[in-house]
Amino acid sequence: MEFGWSNEECGRYDKLVAAVRDAFPSGVVREGGPFTPEDWQRLGKMGLLGLSVPDRYGGGGLGALESARSVEAFGRACPYTGLVFAASAHLFACAMPITDWGGEELKRRFLPAMCDGELVAGNAMTEAQAGSDVSRLAVTATQVPGGWMLDGEKSFVSNGPNAGLYVTYATTDPDAGHWGKTAFVVPRDTPGVTAGEPFEKMGLLQCPAGSVRFENCFVPAENVIGVPGQGGPIFQDSMGWERACLFAGYVGLADRLLDQCVAHVRERRQFDRPLASFESVSDRVADMKLRLESARLLLYRACWEKDQGLSRSALSTALSKLAVSEGALANAVDAVRLFGGRGYLRADGIEAALRDSVPSVIFSGTSDIQRRIVARELGL
Ligand SMILES: Cc1cc2nc3c(=O)[nH]c(=O)nc-3n(C[C@H](O)[C@H](O)[C@H](O)COP(=O)(O)OP(=O)(O)OC[C@H]3O[C@@H](n4cnc5c(N)ncnc54)[C@H](O)[C@@H]3O)c2cc1C
């Protein structure tokens, strides 16, 4: 068993950390606004929008583990976790289903623009009545000559208000259960598509989210991802990518937060002593480190298993998603405690880390759903 990274991998990580710090410096106040087209193009140039897409379609051609390590570098260096999330959702929930399941024509048509920063994509699965349980989708697609007619509304589409295309899922056969849904690529300018206003939300402020409505929206047959009826497995597969690789951004965030906490408790003095000299303070930092390192190892293993195509990877990705998200949230709360009143103020980015960590226990399947998967994989 080998726990070290090669020199080449270490070099790629360091280079990316430096490039991201340079492109998105800390202290640039962004008034909580969404990313701009210039931000997106910068990400495209750095290769962050196509890490795991094969190079013949403009991507980086990396496996899951190497992609995750790059997302980790991005999360560590970028003070705007919403931007890390926006790019990762675009890549893992939109570009990867097209890469893994789409036909050659679909890949050539959309992937290069998605990788180079020209096109923003949003994954549109959730509906008002279909959150954790996506088995019955109210959005329907009815077969018509040459394609499908989509009707209904999706909710909580990350990147939705800014997106140029949606990867969406609709019921095509209500009696076929898991095999009754179909995945589609729908460009934003298709007649019958309306993107809603950005939601007002707690965190991940650089990533706008909103609803997307389809009304008598004709989508040609060639925009089906995979084959009709394959939407359920395609979506589950995309969640596998998210749970394994997107959460590496939170490992990077936890690294950054821990560095800030260590520096703060060494420097800040109370009762004539550095905070670090109080055992309850240093114990809290030790617990943060434990959560971070155990989550990191689970994430690396989940990604490695994904690269090996191992069948037990559903268990590993659920364990990894649980450990990273719950660890990120617990560490962010601890960071606020360690910084005291200063942690509650905006300046150091500590309260932003908390607001950005809360949704990680909800999206890509809530913590309860991950526990259901773990229990199921254990035969319970
Ligand atoms: C920041 C953010 C970004 C998002 N981005 C996207 C996106 O890009 N695309 C998209 O399609 N969706 C997106 N979502 C939506 C997300 O996928 C859903 O919010 C999530 O799946 C949970 O669904 P829900 O909100 O309807 O909660 P519900 O399903 O109503 O769950 C509410 C509570 O009940 C619990 N619960 C539900 N079922 C069970 C069960 N079987 N066992 C135990 N507990 C259960 C849940 O764990 C949760 O605590 C995003 C959400 C957030 C917060």
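Laboratory data are not the source of any read-out in this text; all were calculated from the coordinates shown. Computed from a predicted structure; not experimentally measured. For neighbour counting, all protein chains shown are included, and Cβ atoms are generated from backbone atoms with ideal geometry for every residue, glycine included.
If you line up the long axis of helix 313-339 against the longest principal axis of the chain, both from Cα atoms, how many degrees apart are they, to the nearest 10? The helix 313-339 is inclined about 40 degrees to the chain. With the simple model of a label 7 Å out from the Cα in the direction of the Cβ, S280 to A18 spans 4.4 nm.
Report the percentage of all Cα-Cα pairs in the stretch 201-353 whose separation exceeds 21 Å, rounded to a whole percent. Write out the running numbers ahead of the final one.
Numbers: 6856 of 11628 pairs.
Result: 59 percent of Cα pairs exceed 21 Å.
For the options V20, V227, V84, a Gaussian network treatment of the chain with springs between C-alpha atoms closer than 10 Å singles out V227 as fluctuating the most. Spin-label pair S132-R273: with each label point 7 Å from Cα along the Cα-Cβ axis, the two points sit 4.5 nm from one another.
Out of the DSSP beta bridges found with both residues in the chain, what percent are antiparallel (nearest 5)?
Details: 29 of 34 bridges.
Counting only bridges with both partners in the chain, antiparallel ones make up about 85 percent.
Extent along the principal axes, Cα only, for the stretch 229-299: 68, 15, 14 Å, with the longest axis given first. Each Lys or Arg adds one and each Asp or Glu takes one away; over the other residues whose Cβ falls under 14 Å from the Cβ of G229, this sums to -1.
Give me the net charge for the shell around I350: Cβ to Cβ below 15 angstrom, other residues only, Lys and Arg +1, Asp and Glu -1. Could you put the intermediate results ahead of the total?
Details: positive: R256, R268, R284, R337, R342, R346, R355; negative: D255, D259, E267, D334, D348, E351, D356.
Net of charged neighbours comes to 0.
The residues neighbouring L322, those whose beta-carbon lies less than 13 Å from its own, together hold a net charge of +2 under the Lys/Arg +1, Asp/Glu -1 convention.
On C-alpha positions alone, give me the angle between the axis of helix 367-377 and the longest principal axis of the chain, in degrees, nearest 10. With both axes taken from Cα atoms, the answer is about 70 degrees. This ranking places M149, M288, M96, M202 by how few other beta-carbon atoms lie within 10 Å of each, fewest first, which gives M202, M149, M288, M96. Could you tell me how many degrees, from 0 to 90 and to the nearest 10, lie between the Cα long axis of helix 231-241 and the main elongation axis, the longest principal axis, of the Cα atoms of the chain? For helix 231-241, the angle is close to 20 degrees.
Just check the chain against the gyration tensor rule for me: Cα atoms, a ≥ b ≥ c as the square roots of the eigenvalues, rounded for a/c under 1.5, and otherwise prolate or oblate depending on whether a/b exceeds b/c.
Numbers: a/c = 1.79, a/b = 1.70, b/c = 1.05.
It comes out prolate by the Cα gyration axes.
Label sites at D287 and R312, each approximated as a point 7 angstrom past Cα along Cα to Cβ, lie 3.0 nm apart. As a size descriptor, the averaged projected area of the C-alpha convex hull of the stretch 1-122 was calculated at 8.0 nm².
For the chain, the relative contact order is 16 percent, taking Cα pairs closer than 8 Å that sit 6 or more residues apart in sequence and dividing their mean separation by the residue count. With the cut-off at 1.5 for a/c, could you classify the stretch 275-380 from its C-alpha gyration tensor as rounded, prolate or oblate? Prolate is the answer for the stretch 275-380, as a/c is 1.5 or above and a/b outweighs b/c.
Taking the average, over residues, of other Cβ atoms within 10 Å as the packing measure, peptides 33-39, 295-301 rank 295-301, 33-39 from highest down.
As a rough guide to protection, the peptides 240-248, 333-341, 123-131 ranked by mean Cβ packing within 10 Å, highest first, stand as 240-248, 123-131, 333-341. When you count the other C-beta atoms within 10 angstrom of each residue and take the mean per peptide, 2-14, 203-215, 134-146, 67-79 line up highest first as 67-79, 203-215, 134-146, 2-14.
Averaging the sequence gap over all C-alpha pairs within less than 8 Å and six or more residues apart, then dividing by the number of residues, gives the stretch 295-359 a relative contact order of 26 percent.
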